[in-house]
Each structure stands twice: as C-alpha cells, then as structure tokens.
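Visitor: Quick one: the structure is below, and I'll ask about it shortly.
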Amino acid sequence: MSDKPKLARRTYAENAARAVLREMQITGLYVDPVEIAQRKGIVVQGKPAEVDGVSGILVKAGDNFGIMYATNIPSEGFQRFSIAHEIGHYCIGGHVDALLSAGMHVSRAGFNSNNPFEQEADFFAAALLMPEAAFRRAIDDHPVGLVGIETLHKECGTSLTACGIRYAGLTRNAVAVISTVGQSVDWCFMSGALKAAEGLKWLWKGAPVPGGTLTEAFNANPDNVRTGCNDAGVGNLRDWFDTRRSYSCTEEVVGLGQYGRTLTILTCNALNIDDMEADEEDDDDALVESWMPRFRR
Ligand SMILES: [Zn+2]
C-alpha cells in the first residue's frame with residue numbers, strides 16, 4: 001500500500017502508536033521515544049540541521065533504519081516530537097514503502113503540513129508521547145484548564161500546544177483550546193462536552209479574535225506574547241462561538257514567546273458532563289486536518 005491518502009487517517013495513525021505502546025508494555029504518562037526506537041533496532045542520532053526547517057530524517061540502508069533529529073531548536077518537546085514523528089513513518093503501514101524508496105525521508109516541521117503522510121506521523125507522535133489511558137487519568141488529577149495543561153505538558157515532555165490539543169480531545173470537561181496570532185484565529189480544538197453548547201458555530205482559521213475578549217486585549221500588546229505572560233478572567237462562549245444563549249466561561253491566555261502565538265483556554269463548567277458517551281474525535285478529522293495543527297510548538 002503506497003498510494004498517498006487524500007486525507008490523513010488519524011485513527012489509523014493513532015492505532016499504530018497504541019500498538020507500539022502495547023507491544024512495549026508502556027503504561028505510564030512519560031514515554032521515551034529514543035528508547036522505543038532503540039528497542040525497534042533503529043539508531044537515533046541528534047545533529048544540527050544543515051537545511052533550515054528540517055526537523056528529522058528517517059534513513060533506510062538495506063534492512064537497517066536510522067533516525068536523525070535536529071538539535072538546533074533547543075526544545076525538549078520539539079526534539080522528542082521530531083523523533084516520535086520519524087518512528088511514526090517507520091510504524092504506520094505504507095509509509096516506509098511510500099516514503100523511503102530513495103533510502104531517506106526528510107521531515108520539515110510545519111512546511112509539509114498539508115501532506116497526509118506528515119499529518120499521520122504527527123498524529124502518531126501525539127498519541128505515542130501522550131498515551132490516551134494515562135493522559136485521561138492524569139487529566140482528572142489536576143485542575144481543569146491551563147494549570148492542568150501546563151502540568152501535563154511538563155509530565156509528558158511535549159509542547160504546551162501539543163498538550164493542549166490532546167487535552168481538548170480527551171477531557172470530559174467543556175474546554176476549547178484556541179491558538180491566535182495577533183487578532184486572527186489560527187485554529188481551535190473543542191472537547192466533546194463543549195460542543196454541546198446550543199447553536200455553537202465552528203471557529204474557523206482566519207476568523208478575527210472576538211472584540212471585548214481577554215485574548216483581544218492580551219494580544220493588543222505584543223510584549224505579552226513575546227515574554228510569555230499569562231492572564232485569566234471571565235469570558236463568554238457566545239463571544240467566540242455565536243452560541244444561542246450566554247455561557248459564562250473562564251478565559252485563560254498564555255503567550256507562547258518566540259512563536260508569536262497565544263494559547264487561549266476556555267472552560268465552561270455549566271457544560272461539564274461526567275461521562276462522555278462516545279468519543280467524537282473521529283467526526284472532526286477533516287476539520288482538524290484543515291487547521292494543520294503544529295504539534296511540535
Ligand atoms: Zn515526516
């Protein structure tokens with residue numbers, strides 16, 4: 001199977017990660033991708049990227065595989081994600097045949113995000129480094145919202161953004177995780193519970209940051225973003241999602257520093273449910289992909 005899929009097969013990629021965790025009997029929250037690669041007989045080596053934007057390389061020589069990952073971005077989360085991404089290409093069915101005919105595959109963080117193979121490797125990496133069962137349990141051990149996401153991001157060794165996306169996908173609480181640049185929305189992930197808000201409309205890439213919100217005021221001062229400030233206040237889901245009625249929520253914002261982005265976390269206690277009946281993630285695959293999430297950041 002070497003045909004390029006039209007859309008990234010998220011569940012397929014996540015199941016491949018789950019299979020690796022099961023095979024290696026990894027049940028904890030912190031996962032070491034280097035150890036996983038080594039146990040699969042893959043040599044892992046860090047080196048400064050010679051070409052800008054290269055995050056990792058998967059090499060095949062005969063039956064031997066090697067991973068090189070870029071060390072010029074000195075972020076543990078970025079490097080771990082880059083290694084896990086290459087393990088994804090090794091493990092997801094069809095990738096080796098499709099990508100390694102020339103003996104080498106080069107991954108570029110952010111550059112190839114329209115490519116389904118790259119997106120699948122990113123979904124694999126997120127599922128590998130933030131294992132679903134342990135992550136769900138850990139969500140319940142911490143306060144809902146930014147504090148919980150910050151704690152989990154440290155415990156998992158993944159970026160705050162990657163952790164926020166995973167959090168929105170797995171929490172039982174009503175949470176939206178939104179990335180903005182200046183006064184423009186980059187992407188938004190909503191938990192299943194939050195989507196139950198009456199008349200909720202999707203927040204699309206490129207939509208303006210709603211006027212009067214804490215995020216709008218926060219982003220009006222670029223220093224807040226650059227220096228990694230954070231703030232919290234009372235917000236309303238109606239401002240963001242044009243819901244039929246008012247839903248008071250907590251709005252937390254944190255500047256992501258050098259990336260020029262702000263992460264906004266909305267939590268709405270009125271919509272929390274104890275048990276989600278079904279995992280609604282799959283329904284959103286197409287939309288999720290259209291946002292081109294940047295898990296590494
Ligand atoms: Zn790749």
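The values are calculated or read from the model by the stated rules, or taken from the named source; none is laboratory data. Since we're looking at a predicted model, the values are computed, not measured. Cβ: placed from backbone, ideal geometry, glycine included. Neighbour counts: every protein chain shown.
Visitor: Tell me, please, whether a residue that is touching an Asp or Glu at 6+ places or on another chain (Cβ under 6 Å), under 25 Å from A193 (Cα atoms) and of a type in the set (D, E, K, R) can be found in the stretch 236-244.
Guide: For the stretch 236-244, residues touching an Asp or Glu at 6+ places or on another chain (Cβ under 6 Å), under 25 Å from A193 (Cα atoms) and of a type in the set (D, E, K, R): present.
Visitor: Exactly one condition in (1) within 14 Å of A84 (Cα to Cα); (2) surrounded by fewer than 15 Cβ atoms within 10 Å (Cβ to Cβ); (3) at pLDDT below 95 is not met by Q38; state its number.
Guide: (3)
Visitor: Next up: Taking the stated definitions as given, is K60 more than 14 Å from the ligand (Cβ to nearest atom) and charged (D, E, K, R)? Give the derivation first.
Guide: On the way: more than 14 Å from the ligand (Cβ to nearest atom): no; charged (D, E, K, R): yes.
It is false that K60 is more than 14 Å from the ligand (Cβ to nearest atom) and charged (D, E, K, R).
Visitor: Quick check on my filter: what residues within the stretch 86-129 are touching a Pro at 6+ places or on another chain (Cβ under 9 Å) and not in a helix (DSSP H, G or I)?
Guide: Of everything in the stretch 86-129, those that are touching a Pro at 6+ places or on another chain (Cβ under 9 Å) and not in a helix (DSSP H, G or I) turn out to be G94, S113.
Visitor: Just to be sure I understand the filter: pairs with C-beta atoms under 7 Å, separated by 6 or more residues or on different chains, first member in the stretch 41-68 and in the same structural domain as E118 (by TED's automatic domain parsing), second member within 14 Å of the ligand (Cβ to nearest atom) and assigned to a loop (DSSP other than H, G, I, E, B). Which pairs pass?
Guide: Taking only residues 6 or more apart or on different chains, the pairs are G53/A109; G53/F111; S55/A109; S55/R296; L58/L100; K60/L100.
Visitor: Let me ask something else about it. Find the residue count for the stretch 62-83, including only residues that are under 25 Å from V96 (Cα atoms) and among the acidic types (D, E). Spell out how you get there, then give the answer.
Guide: Initially, the stretch 62-83 is screened for residues under 25 Å from V96 (Cα atoms), giving 62-71, 77-83.
Now drop any that are not among the acidic types (D, E), which leaves 63.
Counting residues in the stretch 62-83 that are under 25 Å from V96 (Cα atoms) and among the acidic types (D, E) gives 1.
Visitor: Of K154, K205, which residue is within 17 Å of the chain's Cα centre (by Cα) and without any contact (Cβ under 8 Å) to a residue 12 or more places away in the chain?
Guide: Values: K205 fails: without any contact (Cβ under 8 Å) to a residue 12 or more places away in the chain.
K154 is the lone residue from the list that is within 17 Å of the chain's Cα centre (by Cα) and without any contact (Cβ under 8 Å) to a residue 12 or more places away in the chain.
Visitor: For the stretch 203-221, which positions are surrounded by 13 or more Cβ atoms within 10 Å (Cβ to Cβ) and either at pLDDT below 95 or touching a helix residue (DSSP H, G or I) at 6+ places or on another chain (Cβ under 7 Å) (or both)?
Guide: Taking the stretch 203-221 first, the residues surrounded by 13 or more Cβ atoms within 10 Å (Cβ to Cβ) are 203, 205, 207, 209-210, 213-219.
The answer is L203, K205, V209, P210, T213, F218, N219.
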